[in-house]
Structure formats: C-alpha cells, structure tokens
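The values are calculated or read from the model by the stated rules, or taken from the named source; none is laboratory data. What you are looking at is a predicted structure, and each value in this text was computed from that prediction instead of being measured. Cβ sites come from the backbone with ideal geometry, for glycine too, and all protein chains shown count toward neighbours. For the accessible areas, the whole protein counts, side chains as well, though only heavy atoms, and no ligand, DNA or RNA atoms are used. Shrake-Rupley method; radii C 1.70, N 1.55, O 1.52, S 1.80 Å.
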Protein chains: 2
Amino acid sequence: MNDVINLMLSHRSIRKFTDQQIPQANLETLIKAGQSAATSSFIQSCTIIQVNNCDKRAHLAELAGGQNYVAQAAIFLVFCADMQRHQLACDMHQQPMQSGFTEQFITATLDCGLFAQNVVLAAESLGLGSVYIGGLRNNIAQVGELLQLPDLVYPVFGLCLGYPAQNPEVKPRLPVEVVLKQDCYTDENDQTSINAYDQQLKQYYAARSSNVKQQGWSEQISKMLNKEARPHMLSYLQSKGYLQK
Amino acid sequence: MNDVINLMLSHRSIRKFTDQQIPQANLETLIKAGQSAATSSFIQSCTIIQVNNCDKRAHLAELAGGQNYVAQAAIFLVFCADMQRHQLACDMHQQPMQSGFTEQFITATLDCGLFAQNVVLAAESLGLGSVYIGGLRNNIAQVGELLQLPDLVYPVFGLCLGYPAQNPEVKPRLPVEVVLKQDCYTDENDQTSINAYDQQLKQYYAARSSNVKQQGWSEQISKMLNKEARPHMLSYLQSKGYLQK
C-alpha cells in the first residue's frame, strides 16, 4: 500500500539483538515521535525510565520472568503511567487534585500505549527491532521499588530496543471479519472464522524457524485463561493511588 | 529524520472533514495495519464497531458531549476491549475461563491503544485525518447498549477518520527531559521545565488559528483535575465483568 503501512504489516517482536549501540540522539527522536501521539485531554501522562545500569537491567530481566534480552538490548525503557506530574501541576496552582478515579487509570495507561506504539514504529523505521515486556508486571512492586517510583506512578510495560540479530516470520492475526463489525456487536460467525484461523496458526507454528509448536489460537487462549492473571495487580495499583473509585 | 518519523511529528487531531468517502478496502487495510501491532500474550482483544447508520452516529455524537464530527466524519469506529471472544475460545475447548482480573483489563485496554495508534498513523500516511473520541465514556452505558455490547466488551474510545478540511498547527509537547528519565524516577527539575513549557504553550494558544486561549499546561491540568473524572466508570466496568479483583 505504502511504506508506512508495509512497515506495520512486517512487524514482529525481536528478542535477539546485536551489540550495536543506539545513539542517545536517536532515542530522543523516538521519544519525540512517541510524544506526538494523541493524548487524552492533553494529559501527557507517560513517563519513561531508561535503564542503563547493568545491575538494574539484570535484576529487571529476572523480575520479568528470566527474559535475558531485557539485560542485553541496546536500550531498555520502562513506560510508566504517571499522574505524579499532575499532582505537581495542581500544587503549582494551589488546586486540590481529585485522584483515584478509574477513568484516570484508563487515560494514563492508554497514553503509554499510544506513545509506545509510535516509539516502536519509529524505531522500526530506523532498522531497529523491539519487544514489549509485559512480564514486568509479574513482580510489579519490586520493579516500582527498583526504579523508585513515587505514588501515582506505575510501570505499565517495558520495551527492548536494538538492532535485530534474528529474522522471525510475521505471525498471522485473526481474520478481519472477527475484529471489524458493522453497526453493532455480533459474534454469530466468529466460531467458524476462529476455527479456520486456528488451522492457519497451526501451520505457522509448525513451519516457523524457532519455537515450533502445535497449537491453534483458541486452544492457546483457553489454556492461558484457565489460570489466574497476576492477581496482585489491583491491590498494588490501589496502593499507588489508582483504581480506588 | 525519515518519512515515518516526520509523519508522527506532524500529527494533529482533525475535527473538520470534507465529504470525500473512504473505500471500504482502504479501511480494511488500516485494520490489518492495526492488527499488526504487538498484542500482549497474543491476546488480540480489540474489536472495532464501524458505525454506518446515520441515526446511531447522531446519537453517539450527542452521547460524546455534542461532538458533531462523530456524525460527519467519513468513517466512525468504536474501539472495544473484548474478552467475550476469549470466552468463546474457552468454550470451544471446554475450559473454564477465569475473568475479572485487573491484569486482564490492562491488557485488553492496551491492545486497543496499540491497535488504534497504528490505524491512526496508517490513515495519516494515506492523507486522512483523525480524532480520538474519549467522550464516548461520558455516557458509556448508553454507548454500550446502542452497540449491543455483551458482557466482557467495553467501548474504550471512538475514532473519526476522514479527509481533513482544516489544517491546525502542531501542539507542542512537554520537554523531553520531563518524560525521559535515567535509571530511576526523579522530578527535581520538573517544575522548572514545566514553567518554561507553560510559557511556550501560552504562545502557541495565543497564536493559533482557532480556539485562541491564554493558558499554560499546568494550569489547564490543575483545573481539569480539580473535578471528578467520570465517576461512573468503575461500576460500569465491573458490571461488564472487568476490574472485579
């Protein structure tokens, strides 16, 4: 279609990186590209911690469940939803801040998503690869302590950036008709479409160059959702001043 | 830097559109570009309702607080966080699904953000303009009813797409040093940086071609956060099966 869309369509997560470094000026360009994304009511609530210290990197790799690329990537960023900055803005104008609303949690979290997706795509346009690290939420309290995050700041996910040392295949997504619906929600044809997609994904997993497996999407999802999902999250977020009402 | 990054840096929300239509095949390309974004644990939990019906559009424009471009844009999409699809996947494999976890709310919501940001940028690469409509959450229950959203599906935001009939200025963002920190969180220089940014933003608001105002960022934020933020959100989301634990 065009270069931008082709870049998106060729996205794969990269988990092996070369030793090549990334100039800090390039990272700042990526950050500016990220900031250019829309931000709900101009809230600008995304703060990024760039982790350079080797011991901290190794510790974060372990806290994320043993993801060694967190330690190895040229750059590792932690995207934080930050309303501490807004507390400061309120203090600057002697206004009390009403915090703890679920709505604020949504806008602060989404801000990080929009920002990060621009960073990822901008990085890919420079020949870099990336992988999001949701695994930081496995041990979110320890991550928050390590990065000295104050109240109203929580680590949403990490992001590894570096020059790719692997070339994995693009993973097929759900058929468009499953994710795009007309005028109202209906799932009457979804099972048929998902069955066909399961077969497609099995072929992809069987043929890919690493981590070969035999599983469709629906089976994979059903096994994952049969378990608890990071049950510590709500109490952690409430302790940081989020999701209280 | 390059065309992709320049496209990001030139982003502005567009709220006035021409009458020119967008071929459905182009929208499907945008959706595929959106799907190509990373998705936490391959969860693929974003579902989009394309609203074509004129009465529904007019109603949504009103529910969003009287944003008439919701009715006028060539395309209007509602991005929904959808775990109903995962309930179906679990049913297909006779696995009970454990739902209601805050972690699942985060991944489902973020999926919509990453997906949508790709759609926005892909649209801009085709000469389209866009604006996110968080205002749908003003009356989220009515939006959900209008779109017949089942349990485990909630409308995160809307998105208008169309050919721009305006050319607004790019709005300056916070200085990079405020949003990018090294190795740990610190805000010791933030107030100085925000003061300088407030002045920059006042100049932007005073000089821009429409909706001229006299306000810095910190003042704007302090006035917004002095009020409740959509206090109905938590009970609505819990009623849909989210944020229960």
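Observations on the structure shown:
- Once the Cβ-Cβ distance of B:K223 and A:D183 is raised to the sixth power relative to R0 = 45 Å, the FRET efficiency obtained is 0.75.
- Number of partner chain Cβ atoms within 10 Å, mean per residue of B:124-134: 3
- Over chain A: helical MRE at 222 nm, DSSP H runs n ≥ 4 each giving -39500 (n - 2.57), nearest 500: -13000 deg cm²/dmol
- Global form of region A:1-88, assessed from the alpha-carbon gyration tensor, a/c cut-off 1.5: oblate
- Those residues of region B:222-237 for which accessible area with every protein chain present is at least 30 Å² below the isolated value (1.4 Å probe): B:S222, B:M224, B:L225, B:N226, B:E228, B:A229, B:M233, B:L234
- Angle between chain B longest axis and helix B:190-207 axis [Cα atoms, degrees, rounded to 10]: 80 degrees
- Starting from the label point of A:P172 at 7 Å along Cα→Cβ, the same points in the other copies fall at 5.1 nm, in ascending order.
- Remark: label point of A:F42 defined 7 Å out from Cα along the Cα-Cβ vector; separations to the same position in other copies 4.3 nm, ascending.
- Test item: B:193-200 mean partner chain Cβ contacts at 10 Å: 1
- Delta accessible area of at least 20 Å² on complex formation, residues of region B:1-17, 1.4 Å probe, chain isolated as reference: B:M1, B:N2, B:V4, B:I5, B:M8, B:L9, B:H11
- Per residue, the convex hull spanned by the alpha carbons of region A:160-207 comes to 114 Å³.
- Zone of B:V170's modelled label, taken as backbone nitrogen in region A:38-64 under 14 Å from a point 7 Å along Cα→Cβ: A:38
- Inter-copy label distances at B:A207 (7 Å, Cα→Cβ; nm, one decimal): 5.5
- Of the solvent-accessible surface of the protein assembly as shown, computed with a 1.4 Å probe and all protein chains present, 46% belongs to carbon and sulfur.
- Whole-angstrom Cα spans of the protein assembly as shown along principal axes, big to small: 58, 58, 43
- In order along region B:48-53, phi translates into HN-Hα couplings of 10, 9, 8, 9, 9, 4 Hz, rounded to whole numbers, per the Karplus curve 6.51 cos²θ - 1.76 cosθ + 1.60 with θ = phi - 60° and x for Gly and Pro.
- Protein accessible surface hidden between A and B, which excludes ligands and nucleic acids, total in Å², probe 1.4 Å: 10200 Å²
- Cα point-scatterer Debye curve for region A:3-168, base-10 log of I(q)/I(0) at q = 0.10, 0.11, 0.13, 0.18 Å⁻¹: -0.38, -0.46, -0.64, -1.14
- With protein chains left intact and a 1.4 Å probe, residues in region A:3-168 average 32 Å² of accessible area per residue.
- Label-point separation, B:K213 to A:A141 (7 Å along Cα→Cβ), nm: 4.1 nm
- Residues of region A:37-73 buried by at least 20 Å² on assembly (accessible area, 1.4 Å probe, chain alone as reference): A:A38, A:S41, A:F42, A:I43, A:Q44, A:T47, A:I48, A:I49, A:Q50, A:N52, A:K56
- Beyond 23 Å in Cα-Cα separation lie the following of the pairs A:K16/A:K56; A:K240/B:K181; B:K56/B:K223; B:K171/B:K213: B:K56/B:K223.
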